[in-house]
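Take a look at the structure set out below.
The values are calculated or read from the model by the stated rules, or taken from the named source; none is laboratory data. Just so you know, these numbers come straight off a predicted model, no measurement behind them. Every residue, glycine as well, gets a Cβ built from its backbone with ideal geometry; the counts of neighbours run over all protein chains shown. Side chains included, ligands, DNA and RNA excluded: accessible areas come from the protein's heavy atoms. Shrake-Rupley method; radii C 1.70, N 1.55, O 1.52, S 1.80 Å.
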Amino acid sequence: MSQTGKHMDANEVAQFLKDNPDFFERHAELFVSMKVPHPHEGKAVSLAERQVLTLRERVRSMELRVAELVRAASENEHISDRLLLWSRSLLKERDPLALPEVVTRGLAEIFSVPQVALRIWTDTVEGKAEGAWRSEVSADARAFANGLMSPYCGPNSGFEAANWLEGEARSLALIPLRVGIAPEAFGLLVLASPDAERFTPTMGTAFLTRIGELASASLSRLLAEGPAA
């Protein structure tokens, strides 16, 4: 009971303890003798034991978080190593006309992507090189690529680009190719998989964006006007 003779409700008790943080220091015997429900087993435990259990749960939660961060860091390092290996292959290639093959084959082999396709708009390419990458692309597909400000990741919803692939594609990543910050794309890179969970809308696109930038910079050597400054 309070000094006024009235029973204190739970909120008043909580406020009293907040206002008197030294209460349990002055009444240490209460801290040891008070019983509270066990968070999992349904039995009563001392307040001190309950506090220990709470701290253990917090530590466990932090350990899981740290383990998740370590796993993510390890995966990112692995991807970075493969990105470096792929970039090296692009830099080593001296023949611009061989670059489309180097780009697509490297992505398939180094990143273990089941299917990779590439299209560069025919009217932007210098010379008469042959290859599937020079096949005609509809105006709708070009407009779609122009509208992509970042890579698309998700299910295959009947995209025209899926028809450029040889096998089944249940999920894919569509990466626009453009010179610098040009508003219009000059091509489209397609990564696809029969696994519906390989490319999902919730996955990060930072590395895919880097792939697009590197592929764009490399393949821009094929353009009639050359790469922009």
In whole Hz and in residue order, list the ³J(HN,Hα) couplings for segment 193-198 that follow from phi through the Karplus curve 6.51 cos²θ - 1.76 cosθ + 1.60, θ = phi - 60°; x for Gly and Pro. 8, x, 7, 5, 9, 5
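Just to verify a number: FRET efficiency for GLU57 and ASN20, C-beta to C-beta distance, R0 = 30 Å, to 0.05?
Numbers: r = 26 Å, r/R0 = 0.88.
For GLU57 and ASN20, the calculated efficiency is 0.70.
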Say R0 is 25 Å: what FRET efficiency, to the nearest 0.05, do GLU213 and ALA73 get from their beta-carbon distance? 0.65
Segment 108-155: C-alpha gyration tensor shape, a/c 1.5 cut-off, then a/b vs b/c: oblate
Order ARG88, ARG142, ARG221 by their accessible area, 1.4 angstrom probe, all chains in place, largest first. ARG88, ARG221, ARG142
Per-residue accessible area for ARG178 at 1.4 Å probe radius, Å² rounded to 10? 40
Reduced to Cα centres, the span from segment 163-188 to segment 83-159 in Å works out to 7
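What do you reckon, how do LEU83, LEU214 stack up by accessible area (1.4 Å probe), largest on top?
The residues order as LEU214, LEU83, largest area first.
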Once you have the Cα-Cα distance between THR122 and SER80, take 0.36 nm times their residue separation minus that, and quote the gain in nm to one decimal. 11.9 nm
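Quote the FRET efficiency, to the nearest 0.05, computed for ALA224 versus ALA108 with a Förster distance R0 of 30 Å and r equal to the Cβ-Cβ distance.
That pair, ALA224 with ALA108, gives E of 0.60.
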For ARG170, net neighbour charge (Lys/Arg +1, Asp/Glu -1) across residues whose Cβ lies under 14 Å away: -2
Cα-based Rg / Dmax (Å) for segment 50-119: 21.0, 70
Taking the full set of protein chains and a 1.4 angstrom probe, give the accessible area of GLU160 in square angstrom, rounded to the nearest 10. 70
Specify whether the C-alpha gyration tensor of segment 68-182 places it in the rounded, prolate or oblate class, a ≥ b ≥ c being the square roots of the eigenvalues: rounded for a/c under 1.5, otherwise prolate if a/b is larger than b/c and oblate if not. oblate
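With all protein chains present and a 1.4 Å probe, how do SER157, SER135 order by accessible area, largest first?
In descending accessible area the options line up as SER157, SER135.
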Cα gyration tensor, segment 89-130 - rounded (a/c under 1.5), prolate or oblate: oblate
Taking the simple approach of a point 7 Å from Cα along Cα-to-Cβ for both ASP140 and ASP195, what is their distance in nm? 3.1
